[in-house]
1. So which residues in the stretch 10-30 are part of a loop (DSSP other than H, G, I, E, B) and open to solvent by less than 100 Å² (accessible area, probe 1.4 Å), if there are any at all?
2. Pairs only if they're at least six apart or on different chains, beta carbon under 9 angstrom, first in the stretch 93-117 and more than 18 Å from residue 139 (Cβ to Cβ) and assigned to a loop (DSSP other than H, G, I, E, B), second of a type in the set (Asp, Glu) and open to solvent by less than 60 Å² (accessible area, probe 1.4 Å); list them, first residue then second.
3. Identify, please: which residue in the stretch 34-52 is more than 26 Å from residue 85 (Cβ to Cβ) and in a loop (DSSP other than H, G, I, E, B) and is, among those, least open to solvent (accessible area, probe 1.4 Å)?
4. Which residues, taken from the stretch 119-128, are open to solvent by 10 Å² or more (accessible area, probe 1.4 Å) and either in contact (Cβ under 8 Å) with a residue 24 or more places away in the chain or touching a Pro at 6+ places or on another chain (Cβ under 9 Å) (or both)?
5. May I ask you to say which residue of 68, 84, 79 is over 29 Å from residue 145 (Cα atoms), of a type in the set (Val, Ile, Thr), surrounded by 10 or more Cβ atoms within 10 Å (Cβ to Cβ) and touching a helix residue (DSSP H, G or I) at 6+ places or on another chain (Cβ under 9 Å)?
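The values are calculated or read from the model by the stated rules, or taken from the named source; none is laboratory data. These numbers were taken from a predicted model, which means no experiment stands behind them. Quick reminder, even Gly has a Cβ in these numbers, built from the backbone with ideal geometry, and neighbours come from all protein chains shown. The protein model used for the area step is the full one, side chains on, heavy atoms only, and it has no ligands, DNA or RNA in it. Shrake-Rupley method; radii C 1.70, N 1.55, O 1.52, S 1.80 Å.
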Amino acid sequence: MVPRGGRALLATGTGAAWLREHGAPGRTLTVASRVTDAEGQRADLAHASFLGAGPALVRAGGTWINATTNGVSKAAVRTRSPRTAAGVRRDGALLLVVIDGDRPGVSEGASLAEAAGILVSLGAEDAMNLDGGGSSTMVVRDRVRNSTSDPGRTNDARQRKVSNAVVVVPRRGR
């Protein structure tokens, strides 16, 4: 559990090696970052939020997939897979969508274009692909609400251990 006021760091590749060498439970690390735009100018972060995801699926209410910008191959764009996506409707409502797949005859998944179409049909003005495959799991009030796709596992045991999640916590009194 991350203590109140604390932070959690997640790293892969060479970043993970650095974190193992320099980080330890209880040790204080000073982390600094600089975010720049496409021209290399420092970005204004006054009202920014960040989410490591992609590619985009919907912009201004229509399908808009920027797969090449995110290093996603054309084959991956066309492949049907389990998907997790997030979108925002014009009224500000958050859409969290999980599409099951990889279970022939049960659920086939969706291509990125099909996922974008689903989000547009739900009223998304903007939406982004988050992840896919066996990590696509929707849990609401402590219950798995979809059929996860990891082979050889059944029911709740199909949940894959993942290092991150999108967690929505309602405000008190709602």
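1. Across the stretch 10-30, the qualifying residues are 11, 23, 24, 26, 29.
2. Cβ pairs passing all conditions: 102/150; 106/100; 108/100; 109/100.
3. Of everything passing the filter in the stretch 34-52, 40 is least open to solvent (accessible area, probe 1.4 Å).
4. 120, 122, 123, 125, 126, 128
5. It is 68.
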